[in-house]
1. Could you list, in sequence order, all residues of the range 115-134 that are small (G, A, S) and within 16 Å of F221 (Cα to Cα)?
2. Note down all Cβ pairs under 7 Å where the first residue falls in the range 30-51 and is closer than 15 Å to I19 by Cβ, the second is part of a loop (DSSP other than H, G, I, E, B), and they're at least six residues apart or on different chains.
3. Would you pick out the residues in the range 121-169 that are among the β-branched types (V, I, T) and either at pLDDT below 55 or not in a loop (DSSP other than H, G, I, E, B) (or both)?
4. Residues of the range 206-226 being hydrophobic (A, V, I, L, M, F, W, C) and in a helix (DSSP H, G or I), which ones?
5. Across the range 161-175, what is the number of residues that are more than 21 Å from A84 (Cβ to Cβ) and not small (G, A, S)?
6. Can L62 be described as under 30 Å from F167 (Cβ atoms) and of a type in the set (A, V, I, L, M)?
7. As an exercise: evaluate S111 against (1) outside any loop (DSSP other than H, G, I, E, B); (2) touching a strand residue (DSSP E or B) at 6+ places or on another chain (Cβ under 8 Å); (3) of a type outside the set (A, V, I, L, M) and give the number of the one condition it does not meet.
8. When you scan the range 60-67, do you find a residue that is touching a residue at least 40 places away in the same chain (Cβ under 8 Å) and surrounded by 11 or more Cβ atoms within 10 Å (Cβ to Cβ), even just one?
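The values are calculated or read from the model by the stated rules, or taken from the named source; none is laboratory data. Not measured: the values here are computed from a predicted model. Quick reminder, even Gly has a Cβ in these numbers, built from the backbone with ideal geometry, and neighbours come from all protein chains shown.
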Amino acid sequence: MNRPPEHIVNTSCWKAIGILGDRSCDQLEPHIHCRNCPTYRQAGRQLLNRPMGEGYRTELTLRLAAKPEEPQGEKRRLLVFRVANVWLALPSACFEQTLAPSPIVKIPMKSNRHFLGLVSAHGELQLCFTLEHWLGPDPDEPAASAGAARIFPRLLVIQLSAQRWVFPADEVLGTIDYPRAGLEPLPSNLAKSGIRLVSALFHLEGLPVKLLDEERLAVLFQEALT
């Protein structure tokens, strides 16, 4: 049945007899949907033109007068993982997937302390390496899980210099966004390291993490094959 527009707007007719109600409104057939109805548009105008609520002007004034928050600076998205007792990180864009550990097949006259051999990644053979001997154990940082959950070793598949590489990790913490300004310079012993694999340091919930140089890591992978 027809109702005065003011009454319909005040009772939200679209929820009662309209598209969201029992659909008994005689205006549904010519307008197809409530949003095409002049009454619905009138309700929208009334909503936008309604008087300010109590305290709204004060709240808006306080928000506009508030000092803007300090910018957090540029962040890097990193994946944090552990090899032996050393926590490491690489840009998350390098990673293609993580896999459950699987048998590694050694290659005669090729496998060495860095290049382990071949491993199957979803049925495709990939070159598998270990980072452990490039880094060496850190005697000052005993290995510990970052949480109370069980630790699951993983095979990490990355792509560097248009080449796919695989290496095992004893634990994967996950992906984080870390501010570039929070990265610390290298101590002298790492800065003078012959392999120069670590580019920066940072701390994550009390864990010291070494950020690896992905370009240098790709070079080391290539050298391990020769």
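1. G117
2. Cβ pairs passing all conditions: H31/C37; H33/I19; C34/G18; C34/I19; C37/Q27.
3. If the condition is that a residue be among the β-branched types (V, I, T) and either at pLDDT below 55 or not in a loop (DSSP other than H, G, I, E, B) (or both), then V157, I158, V166 are the ones that fit.
4. L217, A218, V219, L220, F221, A224 - these are the residues of the range 206-226 that are hydrophobic (A, V, I, L, M, F, W, C) and in a helix (DSSP H, G or I).
5. Number satisfying all stated conditions: 3.
6. In short, no.
7. Here S111 meets the rest and fails (1).
8. The answer is no; no qualifying residue exists.
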